[in-house]
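Below is one structure, written out as structure tokens; comments come after it.
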Amino acid sequence: MILQTYETEDRIGHFEGYASVFNVVDRGNDLILPGAFKRSLRERGAGGVKFLWQHDPKESVGILDEIREDARGLYVRGRLILDVGRAREAYQLLGAGALDGLSIGFHTLKSTQRADGVRLLAQVDLWEISLVTFPMNEQARISAFKTDFITAVDETAFVAGLLHLTALMAPSNRNDAGRHHSKGSTINDIGN
């Protein structure tokens, strides 16, 4: 899946996606039914649900601005708090496409079990959503994320690096007549 990116610069670190997708059997043999989150969302709201790193309660990485059920599943929109070290790491991983999974932490309130062993979750008490490497529900992913790697780079250092690389790639004007080359060998002229 390719992440869509936001275009407005003031939304850096903002994301959206699905923390759960209805009617999908997950890796834990659970299937969440439409309506399972309604009571919890009504009672808690987005502000009562925490956004964590890998389900670790000591690793809060952001804020959930919107959580709602729609026909597909549990839609979320939020933002990373980039003053937090782990959130900056998450920002880099999300921007590079190395991480995009979402997962939910909840208490089961109402469920039944199908004959094939799948647990049908009819009502859950949602208390956290996490950014994860391997989501239980493989369709639970961040679908849009705003990055701005160019302005995050120190421009002076970036230009100096480009000038240095340009100088290294330019043909050498030095007299290399005294050097002997065997077939397949290279001379490394980097540095003084």
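Each value in this text was obtained by applying a stated rule to the coordinates, not by laboratory testing. What you are looking at is a predicted structure, and each value in this text was computed from that prediction instead of being measured. Every residue, glycine as well, gets a Cβ built from its backbone with ideal geometry; the counts of neighbours run over all protein chains shown.
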| query | What are the residues whose amide H is under 5 Å from the amide H of ALA144, where those residues sit 5 or more places off or on another chain and H is modelled from the backbone? | reply | GLN4, GLU16
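Based on the Cβ-Cβ distance from ALA115 to GLN92, what FRET efficiency comes out when R0 is 41 Å, to the nearest 0.05?
Details: r = 46 Å, r/R0 = 1.11.
My answer for the efficiency is 0.35.
Arrange the following residues from fewest to most other Cβ atoms within 10 Å of their Cβ: LYS110, LYS58, LYS50, LYS146.
Working: LYS110 12, LYS58 7, LYS50 17, LYS146 23.
So the ranking, lowest neighbour count to highest, is LYS58, LYS110, LYS50, LYS146.
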| message | Per residue of the range 61-71, what does 6.51 cos²θ - 1.76 cosθ + 1.60 with θ = phi - 60° give for ³J(HN,Hα)? Whole Hz please, x for Gly and Pro, Karplus curve as stated. | response | 10, x, 10, 9, 8, 8, 9, 7, 8, 10, 5
| task | Compare the Cα positions of GLY117, VAL21, GLY45 along the charge dipole of the range 9-151 (+1 at Cβ of Lys, Arg; -1 at Cβ of Asp, Glu; about the Cα centre) and return the one farthest towards the positive end. | result | GLY117
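Ranked by Cβ crowding within 10 angstrom, fewest neighbours first, how are LEU80, LEU93, LEU99 ordered?
On the way: LEU80 24, LEU93 14, LEU99 19.
So the residues, fewest neighbours to most, are LEU93, LEU99, LEU80.
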| query | So, how do all the Cα-to-Cα distances of the range 9-151 break down into 5 Å bins, in percent, from 0 on up? | reply | 2, 10, 20, 24, 19, 12, 7, 3, 1, 0, 0
| If you add up the charges near SER111, with Lys and Arg at +1 and Asp and Glu at -1, over every other residue whose beta carbon is less than 9 angstrom from its beta carbon, what do you get? | +1
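Under 14 Å from the Cβ of ASN23, count the other residues' Cβ atoms, weight Lys and Arg +1, Asp and Glu -1, and hand me the total. Could the numbers behind the result be given before it?
On the way: positive: ARG72, ARG114, ARG119; negative: ASP26, ASP30, GLU69, ASP70, GLU138.
Residues near ASN23 contribute -2 overall.
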